[in-house]
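Have a look at the structure below before the remarks.
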Amino acid sequence: MQPADPESGVGGLLRVRLDLAYDGTEFSGWAVQPGRRTVQGVLEEALGRVLRIDPPRVTVAGRTDAGVHARGQVCHVDVPATAWTAAPGRSDRTPAVALLRRLAGVLPADVRVHGAAEAPAGFDARFSAVWRRYRYRVADAPYGADPLLRSFVLWHDRPLDVDAMNAAAAGLLGEHDFAAYCRPREGATTIRALRVLTWERTADALAVATVEADAFCHNQVRAMIGALLLVGDGRRPADWPATVLAAGQRDPAVVVIPPHGLTLEAVGYPPDAELAARARAARNVRTLG
């Protein structure tokens with residue numbers, strides 16, 4: 001049984017990794033906010049209830065905005081080892097299986113924890129991550145989006161050229177200061193390493209963007225996708241998104257598009273032996289070059 005990471009500052013606790021999915025439609029984002037329904041708030045309350053402890057603090061890989069969904073969100077929580085081992089009660093289930101079943105009984109239907117395990121030494125859901133992958137789904141059919149997908153797909157009322165959007169996306173790849181596509185936060189850097197930004201047509205005729213980076217700053221994905229949609233429908237040339245990036249400041253033509261088309265699909269981590277080192281490195285404020 002692994003103890004909690006000493007860097008967390010809490011002793012005698014067990015660190016548990018949780019993998020979860022949620023429909024963000026009725027949430028005011030991930031992070032706890034007074035008087036608002038949030039994923040973090042709902043999850044912490046449920047954990048406290050099923051483990052019979054005070055609601056524990058949960059650390060997440062990436063805080064999603066209001067209305068954004070997740071299939072592959074990851075978080076960690078430090079809980080008393082006694083609470084973890086007591087989770088099965090009198091059953092012969094493992095603590096992980098028992099926790100999943102008990103959470104399924106108390107969580108609302110728009111949040112599911114589908115994985116639970118004792119975290120490896122050095123694991124930090126936020127700082128150990130090496131990449132986050134999102135997908136943004138767009139329907140451009142003249143009749144709109146499938147009614148059964150309307151909560152997860154943006155309708156764009158002009159036809160989109162996927163090849164043009166891919167050509168434009170190539171100019172954003174690499175490590176850059178993405179200040180032109182981010183909402184600034186005091187003390188936070190806007191330097192990010194964009195690994196993947198590609199568009200494809202799916203079997204159901206959607207235009208789907210896959211976006212992957214070491215991390216994202218606030219509104220970055222939705223602002224970049226908004227710029228690429230202007231290229232896809234012919235209102236801007238293919239080199240325009242890269243020109244905006246190079247300018248280093250927000251262009252009023254770049255619109256942060258609605259959140260409901262965006263889903264956090266997966267978070268990647270290094271081998272267990274590298275988790276602690278990655279967490280330490282990720283805490284450093286980075287600079288270009």
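Every number here is computed from the coordinates shown, using simple stated rules; none is lab data. Computed from a predicted structure; not experimentally measured. Note: ideal-geometry Cβ built from the backbone for every residue, glycine included; neighbour counts use all protein chains shown.
If you take the Cα centroid of region 58-112 and the Cα centroid of region 176-250, the two points sit 32 Å apart. Taking amide hydrogens as placed 1.01 Å from N in the peptide plane, the amide H of residue 198 sits under 5 Å from those of 210, each at least 5 positions away in sequence or on another chain. The GluC sites (Glu not before Pro) of region 136-211 that DSSP puts in a loop, and whose beta carbon has at most 11 other beta carbons within 10 Å, are 186.
GNM remark for the chain: springs join alpha carbons under 10 Å apart, and the peak mean-square fluctuation among 109, 139, 121 falls on 109.
How big is the antiparallel share of DSSP beta bridges in the chain, given as a percent to the nearest 5? Looking only at bridges with both residues in the chain, the antiparallel portion is about 90 percent.
In which sequence would 257, 53, 225, 191 go, from the one with the fewest C-beta neighbours within 10 Å to the one with the most?
Numbers: 257 22, 53 13, 225 26, 191 19.
Least crowded to most crowded, the residues run 53, 191, 257, 225.
If you take the alpha carbon radius of gyration of the chain and divide it by 2.2 N^0.38 Å, what ratio comes out, to two decimals?
On the way: Rg = 20.3 Å, N = 289, 2.2 N^0.38 = 18.9 Å.
Taking N as the residue count of the chain, the ratio is 1.07.
Annotation note: trypsin sites (Lys or Arg not before Pro) in region 166-228 located in DSSP loop regions with a Cβ neighbour count of at most 16 within 10 Å are 185. Available extension along the chain between residue 239 and residue 188 is 15.6 nm, counting 0.36 nm per residue and deducting the alpha carbon span.
Under the shape rule built on the C-alpha gyration tensor, where the axes satisfy a ≥ b ≥ c, region 63-140 is oblate, since a/c reaches at least 1.5 while a/b does not exceed b/c.
Treating the beta-carbon of each Lys and Arg as +1 and of each Asp and Glu as -1, no other charges, what is the dipole magnitude of region 6-128 about its Cα centre, to the nearest 20 debye? Don't jump to the answer; show the numbers that get you there.
Numbers: 15 positive and 13 negative charges, 54 e Å.
Value, rounded to 20: 260 debye.
Relative to the dominant Cα principal axis of the chain, helix 95-106 is inclined by about 70°. Put in line by how crowded their Cβ is, counting other Cβ atoms within 10 Å and starting with the fewest, 64, 82, 25 read 82, 25, 64. Estimated from helical segments only, the mean residue ellipticity of the chain at 222 nm is -7000 deg cm²/dmol, where each DSSP H run of four or more residues counts as -39500 (n - 2.57).
Compared with the direct C-alpha span, the chain from residue 109 to residue 288 gains 60.1 nm at full extension, assuming 0.36 nm per residue.
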